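Notes follow the structure.
The values are calculated or read from the model by the stated rules, or taken from the named source; none is laboratory data. Keep in mind that what you see is a predicted model, and the values were worked out from it rather than measured. Using ideal geometry, Cβ is built from the backbone for each residue, glycine included, and neighbour counts are taken over all protein chains shown.
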Amino acid sequence: AQRRHASKHRFFAVELSQALFDFVIQLLPTQEEMAVKEDVRKLLERLIRTIEPDSRLLSFGSTANGFSLRNSDMDLCCLIDSDERLSASDMVTMLGDLLERETKFNVKPLPHARIPIVKLSLDPSPGLPLGIACDIGFENRLALENTRLLMCYAMIDPTRVRTLVLFLKVWSKRSRSINSPYQGTLSSYGYVLLVIYFLIHVKNPPVLPNLQQMPPLRPISQEDTHIGGHNTWFFDDIELLRQRWQSSNTDSVADLLIDFFRYYSRDFTYNTGVASIRGGLLKKESKGWQNELSGSRYNDSRERNRFCIEDPFEIDFNVARCVTKEGLYQIRGEFMRASRILAMRPRAVAALAQLCEE
Ligand code: 3AT
Ligand code: MG
C-alpha cells in the first residue's frame with residue numbers, strides 16, 4: 001500500500017510540475033513588451049540628463065531580476081555621478097514638471113514620500129494594450145543590489161527558482177489579493193524572500209547555497225562591500241559557483257511548491273520567528289522585534305512586527321512591516337487553503353486553476 005501511495009504521489013508531482021511550467025510560460029512578458037520598456041527607459045534617461053547630465057537611469061525590481069510577469073510595473077532608479085547633486089525631493093519636483101511638459105505620461109510626483117518618487121503611467125493604446133506603469137526613484141543603491149542578489153539566486157537554478165517564484169507571484173496577486181502592502185498584505189519582494197529563505201534554510205538538502213555567507217575568493221575591503229553602513233557583499237560569480245557547487249536536492253518544482261505551502265501554513269513560527277535569507281530562522285526577541293504589550297494602539301511595533309522578514313542588506317528593516325493582523329490572517333489562510341487543495345491531489349491543471357481562482 002505504501003508503495004502504491006508513493007507511486008501515486010510521483011505521478012501527481014510529475015503532472016503538476018509540467019502544469020506549473022506551462023502555466024508560468026504563458027505569463028512571461030513578450031519580447032515586444034521588454035523592448036517597449038527598454039525604449040521607455042532610454043527616453044526617460046535622455047530627458048533626465050537635461051536636468052542632470054551625469055545621471056544614469058537603471059532598472060531594478062522584477063524587470064531586472066528575472067521574476068517579471070507580463071505587464072508588471074517598471075521600477076527605475078536614477079543615479080547621479082556628481083558631487084553636487086540636488087536632493088531627491090527637488091529632483092522629483094523638477095523631473096515631474098519636465099515630464100509633464102515633454103511627454104504623454106500621466107505624471108504624479110511624490111516629493112515628500114518616505115522614499116521620494118515620480119509615478120508615471122501611460123493609458124492603454126492599440127500599440128500598448130495594457131499601458132505601462134513606472135516609478136522613478138533616486139540613489140536607491142540598496143535596491144539595485146538586492147535586485148542583483150535575487151537575480152543571482154534565480155540564475156543558480158533557473159527552472160525551479162523562477163517557476164516557483166513566478167507561480168507564487170501570480171497566485172498572490174491576480175488571484176488571491178494578498179499582494180498589496182498598502183492593504184496590509186505582503187509585497188512581491190516579500191514573497192520572493194520567503195521562497196529563497198525556504199530553499200536555503202528549510203529544505204534539506206538545500207536547493208540554494210547562502211550567497212551572503214560564502215567565503216570571498218580574494219580579500220575585500222570594507223568600502224567595496226558597504227553601502228550606507230550596510231554590508232552588501234555576496235558571492236556573485238555564478239559561473240564559477242556552478243562549476244563548484246551543485247545542489248544534491250532533487251525535488252521537483254511540484255514537490256517544492258507543496259512543501260512551501262505546508263511549511264508556511266503549519267511550521268513557520270510566526271509569533272516568534274524572523275525569516276532571514278542571510279541568517280536562517282532568527283528570533284524576534286534577538287532583533288528587538290517582539291510583540292510589545294505596551295504602546296499606542298496604532299502603528300506600534302506590535303502592528304509592525306506581526307510577520308517578520310529580514311531584508312538581506314538592511315538587516316534592521318522588516319520587509320513585512322506593512323502586514324497587519326488581518327493581513328497575516330488572510331495570508332496564512334491562503335497558505336492553508338493551497339496546502340489543502342494540493343493534498344487532495346486533484347488533476348494538476350484543475351488544481352492550478354482552483355488555486356488561482358479569483
Ligand atoms: P512586481 O512584479 O512589481 O510585483 P517586483 O519584483 O518588482 O514585483 P516589488 O515591486 O515588490 O517587486 O519591489 C520592487 C523592488 O523594490 C524590489 C526591491 O529591490 C525593492 N523593494 C520593494 N519593497 C521593498 C521593501 N519593503 N524593502 C526593501 N526593498 C524593497
Ligand atoms: Mg515592481
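Numerical summary
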| read-out | value |
| --- | --- |
| Cross-chain or 6+ apart pairs with Cβ under 7 Å, region 158-170 first and outside the structural domain of GLY66 (by TED's automatic domain parsing), then of a type in the set (S, T, N, Q) | LYS169/SER188 |
| Residues satisfying the stated conditions in region 317-331, i.e. part of a loop (DSSP other than H, G, I, E, B), more than 8 Å from ligand 1 (Cβ to nearest atom) and surrounded by fewer than 20 Cβ atoms within 10 Å (Cβ to Cβ) | THR324 |
| Looking only at region 226-257, and only at residues there that are touching a residue at least 24 places away in the same chain (Cβ under 8 Å) and touching an Asp or Glu at 6+ places or on another chain (Cβ under 9 Å), the one that is surrounded by the fewest Cβ atoms within 10 Å (Cβ to Cβ) | GLY228 |
| Qualifying residue in region 46-61 (condition: within 16 Å of ligand 1 (Cβ to nearest atom), closer than 24 Å to CYS356 by Cβ and out of contact with any Leu (no Cβ under 7 Å at 6 or more places or on another chain)) | yes |
| Cross-chain or 6+ apart pairs with Cβ under 9 Å, region 46-74 first and touching a residue at least 40 places away in the same chain (Cβ under 8 Å) and in a helix (DSSP H, G or I), then within 8 Å of ligand 2 (Cβ to nearest atom) and charged (D, E, K, R) | SER62/ASP73; SER62/ASP75; ALA64/ASP75 |
| Hits in region 150-187 (condition: within 12 Å of ligand 1 (Cβ to nearest atom), under 14 Å from the mean Cα position of the chain (by Cα) and more than 19 Å from LEU256 (Cα to Cα)) | MET151, LYS173, ASN179, SER180, PRO181, THR185, LEU186, SER187 |
| Subset of region 44-54 (residues that are buried (at least 19 other Cβ atoms within 10 Å of the Cβ) and either at pLDDT 95 or above or touching a helix residue (DSSP H, G or I) at 6+ places or on another chain (Cβ under 7 Å) (or both)) | LEU44, ILE48 |
| Flag if GLU38 is part of a helix (DSSP H, G or I), acidic (Asp, Glu), out of contact with any strand residue (DSSP E or B) (no Cβ under 8 Å at 6 or more places or on another chain) and more than 26 Å from GLY96 (Cβ to Cβ) | no |
| Meets criteria (closer than 30 Å to LEU328 by Cβ, surrounded by fewer than 22 Cβ atoms within 10 Å (Cβ to Cβ) and within 15 Å of ligand 1 (Cβ to nearest atom)) for LEU130 | no |
| Residue list for region 163-179, filter: surrounded by 20 or more Cβ atoms within 10 Å (Cβ to Cβ) and either more than 16 Å from ligand 2 (Cβ to nearest atom) or hydroxyl-bearing (Ser, Thr, Tyr) (or both) | THR163, LEU164, PHE167, TRP171, SER172, ARG176, ILE178 |
| Pairs with Cβ under 7 Å, 6+ apart, first in region 181-193 and over 13 Å from ILE277 (Cβ atoms), second within 12 Å of ligand 2 (Cβ to nearest atom) and part of a helix (DSSP H, G or I) | SER187/PRO181; SER188/SER62; SER188/LYS169 |
| First in region 312-329 and within 16 Å of ligand 2 (Cβ to nearest atom), second anywhere and assigned to a loop (DSSP other than H, G, I, E, B), Cβ under 8 Å, 6 or more apart | VAL319/SER187; VAL319/ASP311; CYS322/GLY184; CYS322/THR185; CYS322/LEU186; CYS322/SER187 |
| Top-ranked residue of region 71-102 - restricted to ones that are of a type in the set (S, T, N, Q) and within 16 Å of ligand 2 (Cβ to nearest atom), ranked as surrounded by the fewest Cβ atoms within 10 Å (Cβ to Cβ) | ASN71 |
